[in-house]
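Notes for the one structure printed next.
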Amino acid sequence: MTEVRVNASGAYDILIGNNLLDSCGELCAQAVKPCKTCIVSDDTVAALYLERAEKSLKSAGFETVSFVFPHGEGSKTMDTIINIVEFLAENRLTRTDCLIALGGGVVGDMCGFAAAIYLRGIKFIQIPTTLLSAVDSSVGGKTGVDLRAGKNLAGAFHQPSLVICDYSTLDTLPDETFADGCAEVIKYGVINDRNFFFKLDGGIKEQIEEVIADCVRNKRDVVEEDEFESGKRQLLNLGHTIGHAIELCSNLEISHGSAVAIGMVIVMRAAVKYGICPAEDLEALISMLEKHGLPTSCTFTAKQLAAVATADKKRKGNDITLVIPHSIGDTRLCKLPISELENFINKGL
Ligand SMILES: NC(=O)c1ccc[n+]([C@@H]2O[C@H](COP(=O)([O-])OP(=O)(O)OC[C@H]3O[C@@H](n4cnc5c(N)ncnc54)[C@H](O)[C@@H]3O)[C@@H](O)[C@H]2O)c1
Ligand SMILES: [Zn+2]
């Protein structure tokens, strides 16, 4: 088992190991005093893993109830949050009790948000079961829901008390969902760690514990420096501004990870054409993404993508902040006038 310590507004451990689920009760008891806990999960994950989690928590002295909602981004709404907090109140959870998120990023974001607002904030623990949630969403304390106007538009910063990543749960993921997480893994290498990027040539599944630990340490370092995303944390959005536009243009048929993969290629190709990034690095990125089952191009036009991207919430006034690779391992923030965006994307297509 690998342990990574995070010192954000609250300090907590991330535990990464094989078959940790059956001892999650013991592990939780080291971070929070045994109490009443509500396990929040989706129907797919609950069918696979809820019983094992409950059993272990009970034998460690926790009392458990569970709240299960239908899987998918469509559940990530205020309506589900209301149902969760009403359920917590009906079951009389108090300020000294805690929530446990058992699932992917959707479960983690919602459970974390419910924990942030119920009784003005109670503890929660993350047990991520997708590669994306293991390397990205379970770390850093961003929680929230989607609004009709867009993704993740309401939420709170609320750090977990513990993250337990049992990577044996990744074995049941559909290939496409695993590949989505690979896009975020590759992203970390491009942002600031060239050695890590090339280490991925050896495969992600093949070195899963090390890969998750490296990603989590990378995100931890960024979050510790800029917890509330006023500067450096924005680098983690590499490929995401254009990626979100691709997701939306495809009516969400193109998954998040696939869209981010294409988004990274578009910004890097534009950077190559502007003469600020070597062409070999673009080739290396494309072949790394392909090797991990990810697409590297799409059929939307620059005009379509720019129109959707300028509605992005990360936009400030007449400028948009893009994350531009100067090479693999060196990315920088760059403000671009909105009027330039279409031209920029066009260079990247
Ligand atoms: N908070 C953050 O910092 C942050 C960062 C990145 C992404 N996110 C959010 O994360 C969400 C995406 O996360 P995700 O990709 O994990 O999506 P998800 O939680 O919807 O999981 C994807 C699918 O896989 C299923 N699944 C989960 N674990 C499984 C397992 N072990 N075996 C079989 N099936 C399993 C789920 O039921 C779901 O259908 C988005 O809502 C995104 O906005 C948040
Ligand atoms: Zn992402």
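Each value in this text was obtained by applying a stated rule to the coordinates, not by laboratory testing. Just so you know, these numbers come straight off a predicted model, no measurement behind them. Note that we place each Cβ from the backbone using ideal geometry, even for glycine, and neighbour counts take in every protein chain shown.
One table, with the values for the structure above:
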| item | result |
| --- | --- |
| Tally, over the stretch 196-227, of residues that are polar (S, T, N, Q) and in contact (Cβ under 8 Å) with a residue 24 or more places away in the chain | 1 |
| Complete set of residues in the stretch 39-76 that are hydrophobic (A, V, I, L, M, F, W, C), under 30 Å from Leu147 (Cβ atoms) and touching a Cys at 6+ places or on another chain (Cβ under 8 Å) | Val40, Val65, Phe67 |
| Selection within the stretch 14-56 - of a type in the set (Asp, Glu) and surrounded by 17 or more Cβ atoms within 10 Å (Cβ to Cβ) | Asp42, Glu54 |
| Only listed residue being within 16 Å of ligand 2 (Cβ to nearest atom) and either out of contact with any Phe, Trp or Tyr (no Cβ under 9 Å at 6 or more places or on another chain) or of a type outside the set (Ser, Thr, Tyr) (or both), chosen from Ala261, Ala302 | Ala261 |
